[in-house]
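Encoded as structure tokens, the structure appears first; notes follow it.
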There are 2 protein chains.
Amino acid sequence: MSGYSHSPPGYGYGYGHSYGSASPPGQPYGAPPQGQHQYDHKARAYGAPAKPHKNQAHGGGYPAPARSYGSLFAALVPSVFPPGTDPEIIACFQLADQDGSGFIDDKEMQRALSSYNQSFSLRTVHLLMYLFTHTNTRKIGPKEFTALFYSLQSWRGVFERFDRDRSGFIDANELRDALLSLGFAVSPVVLELLVYKFGKTGGKKRAIEYDNFIECCLTVKGLTEKFKEKDKAYTGMGTFTYEEFMLTVLPFLIA
Amino acid sequence: MSGYSHSPPGYGYGYGHSYGSASPPGQPYGAPPQGQHQYDHKARAYGAPAKPHKNQAHGGGYPAPARSYGSLFAALVPSVFPPGTDPEIIACFQLADQDGSGFIDDKEMQRALSSYNQSFSLRTVHLLMYLFTHTNTRKIGPKEFTALFYSLQSWRGVFERFDRDRSGFIDANELRDALLSLGFAVSPVVLELLVYKFGKTGGKKRAIEYDNFIECCLTVKGLTEKFKEKDKAYTGMGTFTYEEFMLTVLPFLIA
């Protein structure tokens, strides 16, 4: 294990706030920004730019986050394996990268992970690649692959720890504890929705298999990170423009 | 056609604002709410409630939106067909509702729509049901079914109008115009992402088939409505708590 060995549990989200502690009832959410444009109630549609042109959406007008939304399809920067990477991981990547381009694509990554007994659907692979490369190019380099691999290893350990009866499934309470051990505390309603979305009906109640657990972890981690970018002061509130909201949510939808 | 005939184009979103016109660079997003709790940088995870208990998440602490998040799995209120509903739609629904319960489930709805030459995957049917009933119960009553049916009819008309060469696909420019005619103006970056998510590579460029067009319309309509609930003053900015953000986004993920 290398410098990545400490990355998974907690992901650095050791801070917190009480959910359900926002503004008192009746108080409006978020003050309107200064200097906003006049809007025309009839002539334009929701979100309509006065004069849409390509650079506007890429160039901003709102402060750029750490990673610009314009880079959603940007080319990946070539990377190298971090010092101390497990030689087996390097061999695994190089076997997949047959043309030696320094990147592997979605299907190659699916095969590479399978050789480590980590079988995922292509949609899970796509979500993994998006969240570890922050682009939609569906290619991944050595550094990101290594980080992803160690995260998967850690999540697998968490899954096995909470799947106490070795059934291959975890239930709602076990999911809550597993997410908590990864640094994510979700409310009972969010937990219910996660189990509904990622679980299957097995026996009496819904439960979650390993691959769906990974997709669930990725979703909670990814959405929490996106929210955090909008809540740098840790107030528990995040403000989005319509554009930012759409660009935040759409990558999580799997078509 | 009944009272629903005017509902689709525009969906009442005739207002607008300029995207990219938010706060100047450097200005923080969203003022912190008053009276927030102290947080502990080490002891608790992101979003961790001080003392999680079941009623807290259901009962609020933040002002309830028009429809409470606690009702995500609530039972549907029985409904009736609106006066003037096309008798064929009533017959179609009643044929599907064989036990006369007043509701049809996801598979029954899929069959009912197929008999009108509107074939959709179960995932599209689930998204349709969620957005027209605002619950995850996967059952739908006469009133919501009628609204859904007329919307589909209208969207089909839009698709056929913009699929000028009758290829069964629309491209990015046609999608932009189609969404605009439905009252949704999306930026070039959002458009690119929609085509990437909902399109297929056919010939030289990505294009969108009818069923994915419907899923795309549902997604844009649904997300825009959710954003609007947080932007009642039409400022172009929406503020969410972490809990609200998660409960807004998760229902759009299709597991």
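Is it fair to say A:Arg176 is more than 30 Å from A:Ile104 (Cα to Cα) and part of a helix (DSSP H, G or I)? For A:Arg176, the condition - more than 30 Å from A:Ile104 (Cα to Cα) and part of a helix (DSSP H, G or I) - is met.
So, in the range A:211-255, of the ones that are of a type in the set (S, T, N, Q) and outside any helix (DSSP H, G or I), which residue ends up surrounded by the fewest Cβ atoms within 10 Å (Cβ to Cβ)? Ranking the candidates gives A:Thr235 first. Considering the range B:68-79, the residues that are surrounded by fewer than 16 Cβ atoms within 10 Å (Cβ to Cβ) and either among the hydroxyl-bearing types (Ser, Thr, Tyr) or at pLDDT 90 or above (or both) include one that is nearest to B:Leu127 (Cα to Cα), namely B:Ser71. Quick check, is A:Gln118 away from chain B (no Cβ under 14 Å), surrounded by fewer than 16 Cβ atoms within 10 Å (Cβ to Cβ) and at pLDDT below 90? Against the criterion (away from chain B (no Cβ under 14 Å), surrounded by fewer than 16 Cβ atoms within 10 Å (Cβ to Cβ) and at pLDDT below 90), A:Gln118 does not qualify.
For beta carbons closer than 8 Å, sequence separation of 6+ or different chains, a first residue in the range A:97-109 that is surrounded by 12 or more Cβ atoms within 10 Å (Cβ to Cβ) and a second that is of a type in the set (Phe, Trp, Tyr), the qualifying pairs are A:Asp97/A:Phe103; A:Ile104/A:Phe93; A:Ile104/A:Phe145; A:Met109/A:Phe145. Residue count for the range A:83-93 under the criterion of being loosely packed, with under 15 Cβ neighbours inside 10 Å and either within 16 Å of A:Arg156 (Cβ to Cβ) or of a type outside the set (Val, Ile, Thr) (or both): the result is 5.
Among the residues of the range A:156-191, those that are out of contact with any strand residue (DSSP E or B) (no Cβ under 9 Å at 6 or more places or on another chain), buried (at least 19 other Cβ atoms within 10 Å of the Cβ) and not hydrophobic (A, V, I, L, M, F, W, C) comprise A:Arg176, A:Ser187.
Here is the figure for the range A:164-194: residues that are more than 10 Å from chain B (Cβ to nearest Cβ) and in contact (Cβ under 8 Å) with a residue 12 or more places away in the chain total 10. What do you reckon, is A:His126 under 19 Å from the mean Cα position of the chain (by Cα), touching a residue at least 40 places away in the same chain (Cβ under 8 Å), surrounded by fewer than 21 Cβ atoms within 10 Å (Cβ to Cβ) and at positive phi? For A:His126, the condition - under 19 Å from the mean Cα position of the chain (by Cα), touching a residue at least 40 places away in the same chain (Cβ under 8 Å), surrounded by fewer than 21 Cβ atoms within 10 Å (Cβ to Cβ) and at positive phi - is not met. Considering the range A:221-242, the residues that are touching a helix residue (DSSP H, G or I) at 6+ places or on another chain (Cβ under 7 Å) and facing another protein chain (nearest Cβ under 8 Å) include one that is farthest from A:Val125 (Cα to Cα), namely A:Gly236.
Looking at this structure, is A:Thr135 more than 9 Å from chain B (Cβ to nearest Cβ), of a type in the set (Val, Ile, Thr) and surrounded by fewer than 22 Cβ atoms within 10 Å (Cβ to Cβ)? Judged against the criteria, A:Thr135 is a match. It is to be established whether one or more residues within the range B:139-154 are at pLDDT below 90, touching an Asp or Glu at 6+ places or on another chain (Cβ under 8 Å) and of a type in the set (Lys, Arg). No, the conditions are met nowhere in the range B:139-154.
The single condition among (1) under 17 Å from the mean Cα position of the chain (by Cα); (2) under 30 Å from B:Ala185 (Cβ atoms); (3) not acidic (Asp, Glu) that A:Thr241 does not meet is (1).
Residues of the range A:192-230 that are among the acidic types (Asp, Glu) and over 24 Å from A:Thr133 (Cβ atoms): A:Glu192, A:Glu209. Just one of (1) farther than 24 Å from B:Leu122 by Cβ; (2) part of a helix (DSSP H, G or I); (3) not aromatic (Phe, Trp, Tyr) fails for B:Lys197. It is (1). Could you please let me know if B:Glu244 is more than 19 Å from B:Leu175 (Cα to Cα) and acidic (Asp, Glu)? So B:Glu244 fits the description; yes. Considering every residue within the range A:202-210, establish whether at least one is assigned to a helix (DSSP H, G or I), surrounded by fewer than 22 Cβ atoms within 10 Å (Cβ to Cβ), more than 8 Å from chain B (Cβ to nearest Cβ) and among the charged types (D, E, K, R). The answer is no; no qualifying residue exists. Screening B:Ser151 on (1) more than 17 Å from B:Val249 (Cα to Cα); (2) without any contact (Cβ under 8 Å) to a residue 60 or more places away in the chain shows it passes everything except condition (2).
The values are calculated or read from the model by the stated rules, or taken from the named source; none is laboratory data. Being a predicted model, the structure only gives us computed values, none of them experimental. Every residue, glycine as well, gets a Cβ built from its backbone with ideal geometry; the counts of neighbours run over all protein chains shown.
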